[in-house]
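The values are calculated or read from the model by the stated rules, or taken from the named source; none is laboratory data. Nothing here was measured: the structure is a model prediction, and the numbers come from that model. Don't worry about glycine lacking a Cβ; one is built from the backbone with ideal geometry, like all the others, and counts go over all protein chains shown.
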Ligand SMILES: N[C@@H](CCC(=O)N[C@@H](CS)C(=O)NCC(=O)O)C(=O)O
């Protein structure tokens, strides 16, 4: 049984959502998100940098959400939720999946970390504004990309939409501006999917 180590509002949402879309059985293990627990040898043995999520399947552990999503597709997806490997469409799928985490979620995650790690008087409004600007550029890129299509690859939902959906969730929470029209409509299409509803039921 796939084990997902989960904290509400975190990137474990992507993994649960993927399992739901694929109809895979999984066990949820709630993780204590305190810094103390995430710094413990027990948790560091599963995630060496003390972050969430972790997934265990078939006796081995993964600690990057995008790798978990891709593994689930490749092992259990039977071709679903991604274009055939080696095609231009797959390259575009990979591009947006990586963009979702490495470029888009990165500044948003750093805003969260900055606010969580520092007392209010030590927080830097300049640094936060700079990270918001970086994330806003990503929102605008995404807004243009979905201006004339339902999903990031076109008319078909894929796991790249799962990766981006979580990043948009962060953008909605941590950017001062509301999402622009096309990105907002895209996000609305994502949040009504039953898999998203299950993955976010506890937030
Ligand atoms: N690239 C990693 C990022 C993991 C990550 O930043 N997780 C957040 C929760 S969504 C976390 O554990 N933050 C605590 C921290 O960075 O100290 C992934 O996609 O799994």
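Among the residues of segment 33-43, the one identified as surrounded by 11 or more Cβ atoms within 10 Å (Cβ to Cβ) and more than 12 Å from the ligand (Cβ to nearest atom) is 40. Beta carbons closer than 9 Å, at least 6 apart along the sequence or on distinct chains, pair a first residue in segment 61-88 that is free of Cβ contacts under 8 Å to residues at least 40 places away in the same chain with a second that is more than 16 Å from the ligand (Cβ to nearest atom) and not in a helix (DSSP H, G or I) for 74/82; 74/85; 75/58.
Go through the residues of segment 72-85 one by one and say whether even a single one is within 12 Å of the ligand (Cβ to nearest atom) and either within 24 Å of residue 141 (Cα to Cα) or not assigned by TED's automatic domain parsing to the domain that holds residue 174 (or both). No; the residues of segment 72-85 include none that is within 12 Å of the ligand (Cβ to nearest atom) and either within 24 Å of residue 141 (Cα to Cα) or not assigned by TED's automatic domain parsing to the domain that holds residue 174 (or both).
Keeping to segment 9-34, report how many residues are at negative phi and free of Cβ contacts under 8 Å to residues at least 40 places away in the same chain. Spell out how you get there, then give the answer.
Of segment 9-34, the ones at negative phi are 10-22, 24-34.
The next check asks that each one be free of Cβ contacts under 8 Å to residues at least 40 places away in the same chain; those that pass are 25-34.
So the count comes out to 10.
The numbered conditions (1) more than 9 Å from the ligand (Cβ to nearest atom); (2) touching a strand residue (DSSP E or B) at 6+ places or on another chain (Cβ under 9 Å); (3) at pLDDT 95 or above are all true for residue 58 except (3).
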